[in-house]
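Everything below concerns the one structure shown next.
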Amino acid sequence: MPKLKVDGIEVEVPQGATVLQACEAAGKEIPRFCYHERLSIAGNCRMCLVEVKPGPPKPQASCALPAADNQEVRTDSPMVKAAREGVMEFLLINHPLDCPICDQGGECDLQDQSVAYGRGQSRYEENKRAVTEKYMGPIIKTVMTRCIQCTRCVRFGEEVAGVEDIGAIYRGENMQITTYLEKAFKSELSGNVADLCPVGALTHKPVAFEYRPWELKRNLSIDVMDAVGTNIRLDSRGRQVMRVLPRINEDVNEEWAHDKTRYHVDALVRRRLDRPFVRKDGKLVPATWEEAFDAIAGVAANAGSSVAAIAGDLLDAETMYAAKALVKAFGSDLLEGRQTGMAYDTSSLSAVAFNTTIAALEEADAILLVGTNLRWEAPLVNTRVRKAIKRGAKVFAIGPQVDLTYKVEWLGDDLGLLNSLPENLAQAIDNAKKPALILGPGALKNGHGAALAIAGAFQRAATETEAAWNGFNVVHTAAARMAGLMLGYAQKGGIADIVAASPKLAFFLGADEVDFSKFAGSFKVYIGHHGDQGAHHADVILPGATYAEKPGTYVNLEGRVQRADRAVFAPGEAREDWTILRALSEKLGRTLPFDSFDELRAAMASEVPALGQEGLAEFAWNPPSLASQASGPVTYPVADFYLTNAICRASPTMQRCSAELLHGEDFAEAAE
Amino acid sequence: MADAPQLPDEAEVRARWGAFAWTPANAEKAREIMARYPAGRQMSCTIPFLDLAQRQVGAETNTQGWLPVPVIEFVARELDMPYIRVFEVATFYTMFNLVPVGRYHVQVCGTTPCMLRGSDDVMAACKSRGLKKGHTTADGLFTLTEVECMGNCSSAPMVQINDDNFEDLDYDRTLAILDALAKGESPKTGTQEPGRHTVEPLGGPTTLTAMVSENHDYRGEW
C-alpha cells in the first residue's frame, strides 16, 4: 500500500494504483482523454501530466505511472499548468472549431477541458488537417476530423465488446480511426463507443442533430429490453424521450448498455396505441373508454371465473400485481407470463434464477454455457464472461455454435451431454474453485432437470476466506420474467394450461409473442402500448403506457428488485396500466382495493415482501428434483437480436440495424 | 489526407487476389518464421508474414510487390488475428505497399543530411528519366517515393532501390544506375564513390590515425 503526497495531501492507495488514481483519492481532478477506468491504459493523449518527485525533471503522464511510496506529486505547479496548456494547444491544432454544429457540444470533454485547462486562444495559423468521413454502420455517426485519437473506441472494441472492427490505420499526421474497410461496427454494444468518445468524432447517428444535452430532463429508469435490468437514464424533452444513457451500477451493467437499450426510444412515439379500440364486425374501430369498458363488462358478466391474464415481456411488477388481483377477484388463477410456451418448473425460484449474480460471474474460473446465445440473450452478462476469461476462466458450451466474441470449447448440440459430462469438462469443473453453469432459455425445456441434477458440482461450501459459491444460473430474456414468477404468473404446464382452460375472457398485458390462434374462443382484451401482434388479434384494445411512461418495479434475472421512474406521460388517451385495471375493475363490479400507486405498491409488498424492497431478493437454494434425463438439440429463442419485442419492432433504428447488421442489406451512404 | 494512399477498387482486387495462398516454398518459410515464436504468440509473425506475402505478390507480378486487401486478410487468417489488426500494421509501415509498384521501387531519401548533400539532384535525375513522385512509370519499371532518413547519412545522398542501397550519389551517378536497371543489369550497390568501400572517411581517417595499421593503446595519452 504505497503512501504518497499529492499537493501536500497524504494519501494511501492500493498496490498497483496509478498516480492518477492517487490524485483522485486526494480529491484532485486530473484532466484526461485517453484514460478510462474500464479500459486498458494507453497513455497517448498526454493530458494527465503531473509533476512527480522523485523522477526526471519533466511532467509525467499520471495515468501510466504506478504510484509508489514517498512520491511527491504536484498537480498545481506552474510546470503542470504549462504542460496542460501545451497539450491542449496541440490537441486543438487539428480540431475543427465546429462546436456550434457538433452533437457533442455541451457534454464534450474537449470543450470542458479546454475551458478549464487551455490557454484561451490559439497561436496556430497554418491549415488544419481534415480526415475523410468513415462509415461505421447504422448506430455510429462519424466526423473524423474531430478525432483526437485517444483510441478509447479501439480499446473498447477489443476489450469489452470483443468485436475487433475498429482500428487506427496509417500513422503520424495521417493516422485515422476507422472500421475495417469502413464497414459497419458489428457489435451489439456499439453505441457505447459514442459515449466513450471524449469529442464529437463518434456520436449517436439515430439522434443526430435532434437535441442539445442541456434541453433534456433526466429521469432514472430500468431497461426492459432484456432481463439484465440495465440501469438507465431517460433523457426527455417535452413529451418525448430523446435518448437512453446507461447509469453506473457495478452490480448490473457497470456503465454499458447495449444498442437495443439505447436506440429503441424512437419507437416510443411510433405505432402507439393512443385510444381504445373495440372490434365491431371483425374490424377494430376507435372507441371511447366507456364503450371499451362496456364491451368487456358484457363478456365478463357471463364469464364467471373463466378469466385469464397473460403478461408480456416488458411489464412492471405493479401492472402484473393489479392484473393478478383482478383475475383473482373473478375467482380464477389463470396467470401466465411465459408467452412462447415454456413450462419449466417454478416451484423453487432459485432453480430459475441467476444465483451467482452478474458481478460475481467475473470470478468464475470454469463456465459451462448450456443452450444460451448469451451475446443476444444478455449481452451485458456476456461481457462479464469475457472478463472472467481475461482472469483465466475456461468456457465450455452445449448448443449450436455461435460467435460469442470469445473462445469457447463447443461440446456439441445435444443436451444429452448433460447426462454424463465429457471427461475434460467434468475435470475442469472438479478442479475449479468457482465453476458456473449458465442455463439459457433454449435449454430450459429439455435440460432443466438434467442441469439441476449436476448443479451440486457447481456449488462450493464457504471457507474461511471465501463465501459460499452457487454456480447455478438461469438466463431469462424477458424483463418481466422474474417479477412474474414471484407473483405467480406461471402455470404448471405453461401457457398450454391456459389454452386448455379456454378462458372466456383473457387479458393480454402487452403480450405480443403469444400464439393467438389458440385463443380463438376467448374474448381478448389487449392492454398495451404498441400496435403489434397482440393488438391485431384483440377484441378490445386498452391503450397503456410503456415502461418510460409509468413508475414501476422490475426484477432482473438475478432477482434484483429495482425501481424505475416515469419520464414522460403516455400519448393521447393512453393511461398507466394499473389505472386502467383499477377503473375497469370498478366497471366490472369487482373494485380493486387500491386507489393510488402507493397503495398498490404497499398491497403488492404485503403479498410478496421481496418486491417491496429494492436490492437482491434472497431465493433459498432448494432445487426441485425433476426428470434428470436430457436429450435433443437446442434452439435459441432469440432469432433476431434487434427485433425481440413490440417496442423495438416499431423502431426504425432497430429495423435498420436488423436489416443491415444481421441480414446484410447495404445501407452504406454513397460518397459525397 | 492527401498523402494517404487510395486503396485500389476492392471488387477488382478481390477477383484477382481472392485465392492468394503461399507457394510451397513460401509455405515452408512461413512455417520456419512461425517456429521462431512460442505457441500462442503467433501475432509476432505479422510483419515477417506481410513481408513474405508482399514478396510473393512481387514474384507473381514481376514487380516489387504490394499488399492487396485479400492478401492482408490471408495473413490475418494464417495468424488467427482480426483483419483490422493486420491492416493496422500494413498501413503503419511505409515498407508495405498498399498500391501496386513497379519492378524497381526507387526510394529517395530527402531528409536533411541527404538534402544538404544534394538529394535534390538525385530527385532531378529521377525526374529526367520520367519518374514522378508517388507514381509508376508507364513501362511499369520504376516507382518513385520520397522517404525519410534511411540511416546512410555519412554517405549521403542515397536511394534505396528494392533491397539495395546506392550511396554517394549525384545527378550523373543516379542516371547511370537508373539506366543500368532499365537495361536489366545489376549495378554495383553501396557507395558509388570510386575508392570508397563503405562509409569510411574520404581521404583517410582524421581521428584514431594510429589505429590504421595496427592496434594502438591510446589510454596512456588521455
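The values are calculated or read from the model by the stated rules, or taken from the named source; none is laboratory data. Quantities reported herein were computed from a predicted structural model and do not represent experimental measurements. Counting neighbours? That spans all protein chains shown, and the Cβs are built from the backbone with ideal geometry, glycine included. Just the protein is used for accessible areas: all its heavy atoms, side chains included, with ligands, DNA and RNA removed. Shrake-Rupley method; radii C 1.70, N 1.55, O 1.52, S 1.80 Å.
When you check A:V241 against the structure, is it in a strand (DSSP E or B), closer than 21 Å to A:D512 by Cβ and touching a strand residue (DSSP E or B) at 6+ places or on another chain (Cβ under 7 Å), yes or no?
Considered against the rule, which asks whether it is in a strand (DSSP E or B), closer than 21 Å to A:D512 by Cβ and touching a strand residue (DSSP E or B) at 6+ places or on another chain (Cβ under 7 Å), A:V241 comes out as yes.
What is the number of the single condition among (1) in contact with a Ser or Thr (Cβ under 8 Å, 6 or more places away or on another chain); (2) farther than 30 Å from B:P8 by Cα that B:G140 does not meet?
(2)
Quick check on this structure: which one of B:R196, B:R173 is part of a helix (DSSP H, G or I), more than 14 Å from the chain's Cα centre (by Cα) and basic (K, R)?
The conditions single out B:R173.
Out of contact with any Leu (no Cβ under 6 Å at 6 or more places or on another chain) and assigned to a loop (DSSP other than H, G, I, E, B): does that describe A:P623?
no
Give the number of residues within region B:96-113 that are among the hydrophobic types (A, V, I, L, M, F, W, C), within 14 Å of chain A (Cβ to nearest Cβ) and open to solvent by less than 30 Å² (accessible area, probe 1.4 Å).
Residues meeting the conditions: 2.
Hey, does region A:439-451 have a residue that's outside the structural domain of A:G552 (by the TED database) and over 16 Å from A:A351 (Cα atoms)?
No; the residues of region A:439-451 include none that is outside the structural domain of A:G552 (by the TED database) and over 16 Å from A:A351 (Cα atoms).
Do you know which residues across region A:437-469 are closer than 11 Å to A:V370 by Cβ and either small (G, A, S) or surrounded by fewer than 16 Cβ atoms within 10 Å (Cβ to Cβ) (or both)?
A:G440, A:G442, A:A443, A:G447, A:A450, A:A451
If I filter region A:156-194 down to residues being of a type outside the set (S, T, N, Q), open to solvent by less than 20 Å² (accessible area, probe 1.4 Å) and assigned to a helix (DSSP H, G or I), which single residue comes out as nearest to the other protein chains (Cβ to nearest Cβ)?
Per the criteria, the residue is A:G157.
Taking the residues in region B:78-124 that are aromatic (F, W, Y) and in contact (Cβ under 8 Å) with a residue 40 or more places away in the chain as candidates, determine which candidate is nearest to B:T61 (Cα to Cα).
Residue satisfying both the conditions and the ranking: B:Y104.
From the list A:R152, A:R146, which residue is farther than 20 Å from A:G86 by Cβ, away from chain B (no Cβ under 14 Å) and more than 26 Å from the chain's Cα centre (by Cα)?
Testing whether each residue is farther than 20 Å from A:G86 by Cβ, away from chain B (no Cβ under 14 Å) and more than 26 Å from the chain's Cα centre (by Cα) leaves just A:R146.
Looking at (1) open to solvent by 20 Å² or more (accessible area, probe 1.4 Å); (2) at pLDDT below 95, find the lone condition where B:P48 falls short.
Tallying (1) open to solvent by 20 Å² or more (accessible area, probe 1.4 Å); (2) at pLDDT below 95, B:P48 fails exactly one: (2).
What's the number of the only condition in (1) within 14 Å of chain A (Cβ to nearest Cβ); (2) surrounded by 17 or more Cβ atoms within 10 Å (Cβ to Cβ); (3) not β-branched (V, I, T) that B:Y93 fails to meet?
(2)
Show me the helices (runs of 4 or more DSSP H) found entirely inside region A:371-464 where at least 2 residues are in contact (Cβ under 8 Å) with a residue 40 or more places away in the chain and out of contact with any strand residue (DSSP E or B) (no Cβ under 9 Å at 6 or more places or on another chain).
Those helices (runs of 4 or more DSSP H) span A:374-377, A:379-390, A:441-453.
Find the residue count for region A:471-501, including only residues that are in a helix (DSSP H, G or I) and either open to solvent by 10 Å² or more (accessible area, probe 1.4 Å) or under 19 Å from A:D226 (Cα atoms) (or both).
12
Filter region B:152-185 down to the residues that are among the small types (G, A, S) and either buried (at least 20 other Cβ atoms within 10 Å of the Cβ) or not assigned by the TED database to the domain that holds B:T137 (or both), then identify the one that is modelled with the lowest pLDDT.
This residue is B:A156.
On the given criteria, is A:A308 closer than 20 Å to A:K504 by Cβ, hydrophobic (A, V, I, L, M, F, W, C) and open to solvent by less than 70 Å² (accessible area, probe 1.4 Å)?
Yes.
Rundown of residues vs (1) in contact with a strand residue (DSSP E or B) (Cβ under 9 Å, 6 or more places away or on another chain); (2) open to solvent by 20 Å² or more (accessible area, probe 1.4 Å); (3) on the phi < 0 side of the Ramachandran plot, yes/no style:
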{"position": "A:V11", "(1), (2), (3)": "yes, no, yes"}
{"position": "A:A17", "(1), (2), (3)": "yes, no, yes"}
{"position": "A:G27", "(1), (2), (3)": "yes, yes, no"}
{"position": "A:C45", "(1), (2), (3)": "yes, no, yes"}
{"position": "A:V52", "(1), (2), (3)": "yes, no, yes"}
{"position": "A:P59", "(1), (2), (3)": "yes, yes, yes"}
{"position": "A:A68", "(1), (2), (3)": "yes, yes, yes"}
{"position": "A:T75", "(1), (2), (3)": "yes, no, yes"}
{"position": "A:A83", "(1), (2), (3)": "yes, no, yes"}
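Please name all residue pairs, on different chains or six or more residues apart, with Cβ atoms under 7 Å, provided the first residue is in region A:268-286 and is without any contact (Cβ under 8 Å) to a residue 12 or more places away in the chain and the second residue is open to solvent by 70 Å² or more (accessible area, probe 1.4 Å) and hydrophobic (A, V, I, L, M, F, W, C).
none
Considering only region A:108-121, I want to know if a residue exists there that is in contact (Cβ under 8 Å) with a residue 24 or more places away in the chain, among the aromatic types (F, W, Y) and assigned to a loop (DSSP other than H, G, I, E, B).
Scanning region A:108-121, I find no residue that is in contact (Cβ under 8 Å) with a residue 24 or more places away in the chain, among the aromatic types (F, W, Y) and assigned to a loop (DSSP other than H, G, I, E, B), so the answer is no.
So A:L661 fits all but one of (1) under 30 Å from A:E182 (Cβ atoms); (2) outside any helix (DSSP H, G or I); (3) among the hydrophobic types (A, V, I, L, M, F, W, C); what number is the exception?
Failed condition: (2).
Taking region A:404-442, which residues are among the hydroxyl-bearing types (S, T, Y) and closer than 17 Å to A:E377 by Cβ?
Correct list: A:T405, A:Y406.
Go through the residues of region A:559-582 one by one and say whether even a single one is at pLDDT 95 or above and polar (S, T, N, Q).
Within region A:559-582, one or more residues are at pLDDT 95 or above and polar (S, T, N, Q).
When the residues of region A:528-557 are filtered to those that are open to solvent by 10 Å² or more (accessible area, probe 1.4 Å), assigned to a loop (DSSP other than H, G, I, E, B) and out of contact with any helix residue (DSSP H, G or I) (no Cβ under 7 Å at 6 or more places or on another chain), which remaining residue is nearest to A:R481 (Cα to Cα)?
Selected residue: A:H529.
Could you please tell me which pairs satisfy a Cβ distance under 9 Å, a separation of 6+ or placement on different chains, a first residue in region A:559-578 that is open to solvent by 60 Å² or more (accessible area, probe 1.4 Å), and a second residue that is among the hydroxyl-bearing types (S, T, Y) and assigned to a loop (DSSP other than H, G, I, E, B)?
A:E573/A:T288
Only one of B:L141, B:L116 is outside the structural domain of B:R14 (by the TED database) and open to solvent by 70 Å² or more (accessible area, probe 1.4 Å). Can you tell me which?
The unique qualifying residue is B:L116.
Looking at region A:54-68 only, could you name the residues that are closer than 13 Å to A:G16 by Cβ and either out of contact with any helix residue (DSSP H, G or I) (no Cβ under 7 Å at 6 or more places or on another chain) or not assigned by the TED database to the domain that holds A:V19 (or both)?
Listed by number, the residues that qualify are A:A64, A:P66, A:A68.
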